[in-house]
1. Here's a check for you: in the range 189-241, which residue that is under 20 Å from the mean Cα position of the chain (by Cα) and polar (S, T, N, Q) is modelled with the lowest pLDDT?
2. Has the range 359-368 got at least one residue that is farther than 30 Å from residue 301 by Cβ and in contact with a Leu (Cβ under 7 Å, 6 or more places away or on another chain)?
3. Using the structure shown, decide if residue 38 is over 16 Å from residue 187 (Cβ atoms), of a type outside the set (Ser, Thr, Tyr) and buried (at least 21 other Cβ atoms within 10 Å of the Cβ).
4. Which one is nearest to residue 39 (Cα to Cα) among residues in the range 69-80 that are surrounded by 20 or more Cβ atoms within 10 Å (Cβ to Cβ) and not hydrophobic (A, V, I, L, M, F, W, C)?
5. Just to confirm my filter: which helices (runs of 4 or more DSSP H) fall fully inside the range 94-183 and include at least 3 residues that are open to solvent by less than 40 Å² (accessible area, probe 1.4 Å), more than 30 Å from residue 309 (Cα to Cα) and out of contact with any Leu (no Cβ under 8 Å at 6 or more places or on another chain)?
6. Taking the conditions exactly as written (under 30 Å from residue 274 (Cα atoms) and touching a residue at least 40 places away in the same chain (Cβ under 8 Å)), does residue 338 satisfy them or not?
7. In the range 202-257, how many residues are assigned to a loop (DSSP other than H, G, I, E, B), over 24 Å from residue 336 (Cβ atoms) and of a type outside the set (Lys, Arg)?
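The values are calculated or read from the model by the stated rules, or taken from the named source; none is laboratory data. These numbers come from a predicted model, not from an experiment. Here the Cβ positions follow ideal geometry from the backbone for every residue, glycine too, while neighbour counts run over all protein chains shown. Note: accessible area is taken over every heavy atom of the protein model, side chains too, but ligands, DNA and RNA are not part of it. Shrake-Rupley method; radii C 1.70, N 1.55, O 1.52, S 1.80 Å.
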Amino acid sequence: MRKNIINELTWRDAINQQTDAEGLRELVENNKISLYCGADPTGDSLHIGHLIPFMMMKRFQLAGHHPYILIGGGTGSIGDPSGRNSERQLQTMEKVQKNVEALSSQMRKLFGKDANVTFVNNYDWLSKISLLDFLRDYGKNFNINTMLAKDIVASRLEVGISFTEFTYQILQSIDFKHLHDEHNIQLQIGGADQWGNITSGIDMIHKLEGSDEPVYGLTIPLMLKADGTKFGKTAGGAIWLDPEKTSPYEFYQFWVNQDDRDVVKYLKFFTFLEEDEIEELAQKVATEPEKREAQKRLAQEVTRFVHGQEALDEAEHITELLFEGNIKALDVVEAEQAFGKAPSVEISQEAKNIVDFLVDTGIEPSKRQAREDVQNGAITINGDRIQETDAMIDPMTSFDGKFVIIRRGKKNYFLARVTD
């Protein structure tokens, strides 16, 4: 691996903008630095879009630098202005605290128990600042015209922005100043949309401590897929790090199904594989794309990083059984992971004739169509093809009596959940 982490990030195409690029390169070449990246607790889980800057933080950690992971219990209580042309819904402080705990748990899993990482919550210092101190000590150092020119604010001027969200960049600047003073943090990392907030913090530090104070900012590129759409979104919504929201199997499948045009870029961004191995996988994409070796390796690496080896093993096991069509070999937990997001219906414990079962669940529109599909071999129940119209379906005989898995045609799966 390259000695200088900036060279490493440059090769991975992971740098969008940086302040004083040469100064930062020299700093990390000769010193082990402290740096930080923040996430506001707007929800109870991160999704893979949030993961991008923290992957960079992990790379700094592996290179021997000291990352500080900031969960914004303070800033999250007022809302970061977004480009969605609308105000964020304010959450109760109780909800914010629950989200802080959930995100902190996820971050600790990603960064481990290494002593070379520190977790902080900006509520601990922002909540102690009085209104007058805020205006005198910090507000005086911000020019309204400069704040209005920041992209994230300028994009909101036509529809309007509240004073609450307008002050966000001051609060984030206070974070940088506090962490710089207390922990000698010299670098802030963030997504491309955080450039204005990051530079505001650097400007404030320079005003208060002198223009030669060595503090820096670095942002990560906006991740787009080859077709121009935003990375991390699917027809089913966001891909979450919380296994209750996105199962490890679904998470694994998301990466396995990446486009050939994107997979090498994602290997650089989301894995810790070395350059020679990534180049070898890139060659296989070009010469043997049908094997999808790069996608499989990508899925293995990211799933292991986020969910651990045991979850990866389970995801691969489910994938293998489904590829073989061996649904019966799945246990209850595996079946739930594999089909939990399939269209679902509720059924009773009562055994029913196959035709009545299909119509009552709404899987077939009529008994005529149900009989036709059964006789044509288009219906499988728990992995078994049913072709006799007098067959009986007993929900209590498989998957611990919790559900029945129905497939109509080649790809249309349904999950019938048994109610008491």
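1. In this case the residue turns out to be 234.
2. Scanning the range 359-368, I find at least one residue that is farther than 30 Å from residue 301 by Cβ and in contact with a Leu (Cβ under 7 Å, 6 or more places away or on another chain), so the answer is yes.
3. So residue 38 fails the test.
4. 72
5. 168-183
6. On the way: under 30 Å from residue 274 (Cα atoms): no; touching a residue at least 40 places away in the same chain (Cβ under 8 Å): yes.
No, not satisfied.
7. Going through the range 202-257 one residue at a time, the tally reaches 14.
Okay, residues lined up against (1) farther than 27 Å from residue 301 by Cα; (2) part of a helix (DSSP H, G or I); (3) among the aromatic types (Phe, Trp, Tyr); (4) modelled with pLDDT of 90 or more:
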| site | (1), (2), (3), (4) |
| --- | --- |
| 26 | yes, yes, no, yes |
| 38 | no, no, no, yes |
| 45 | no, no, no, yes |
| 58 | no, yes, no, yes |
| 61 | no, yes, no, yes |
| 70 | no, no, no, yes |
